[in-house]
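Have a look at the structure below, then the notes.
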Amino acid sequence: MAEMLKETEDTLRGLIKTLIDSQQGFQDIGDHMQDDTLKKFFLAESLKRASFRGDLEDTLHKEGVKDVKESGSVAGSLHRTWGDLKAKLGGGDHTLLESAEQGEDTIKKAYAEALKLELPLPVHQMLSTQAAHIQTSHDYVKAARDSSKS
């Protein structure tokens, strides 16, 4: 039982880090977007990722984990810095959408890996719901990228 709890804690902590990266990435991209509809989407999605993170942190707290102070990953920080640089060099919305899709691929993979584990049913259900939303978001970003001009 303790082993499963440790695996659950490690999995949720890893997803929290990924969600922090995603939240910050969506915020940064939203700030640079020129298209108002896309800007609103990215800023709203940033808030959704913060909500997902809060749900995971709440789950850890309910399981008795007191110290849930995670930060984003180094890779996520580098990805955002690269995206900021491309935006400043005039990459435009298409370039930002490409960066966003790469970030979405990363978070989709993290959730897919987590869902392969034997997690408690309520945790698995929560992650499945979040993963479905992330897939929908990814599809929206991909469609927007495909319809934009470089």
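The values are calculated or read from the model by the stated rules, or taken from the named source; none is laboratory data. Fair warning: this is a prediction, and the values are worked out from it, not measured in the lab. The protein model used for the area step is the full one, side chains on, heavy atoms only, and it has no ligands, DNA or RNA in it. Shrake-Rupley method; radii C 1.70, N 1.55, O 1.52, S 1.80 Å.
Here are the numbers for this structure:
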item: Derived scalar couplings ³J(HN,Hα) [region 36-46; Karplus, 6.51 cos²θ - 1.76 cosθ + 1.60; whole Hz; x for Gly, Pro]; result: 5, 5, 5, 4, 5, 4, 5, 5, 5, 5, 4
item: Out-of-range pairs (alpha-carbon distance over 28 Å; input 116/142; 6/142; 40/116; 40/109; 39/62); result: 6/142; 40/116; 39/62
item: Region 138-143 - phi-based ³J(HN,Hα) in whole Hz, Karplus 6.51/-1.76/1.60, Gly and Pro as x; result: 4, 4, 5, 4, 5, 5
item: Accessible area in the full protein assembly, largest first, 1.4 Å probe, for 17, 39; result: 17, 39
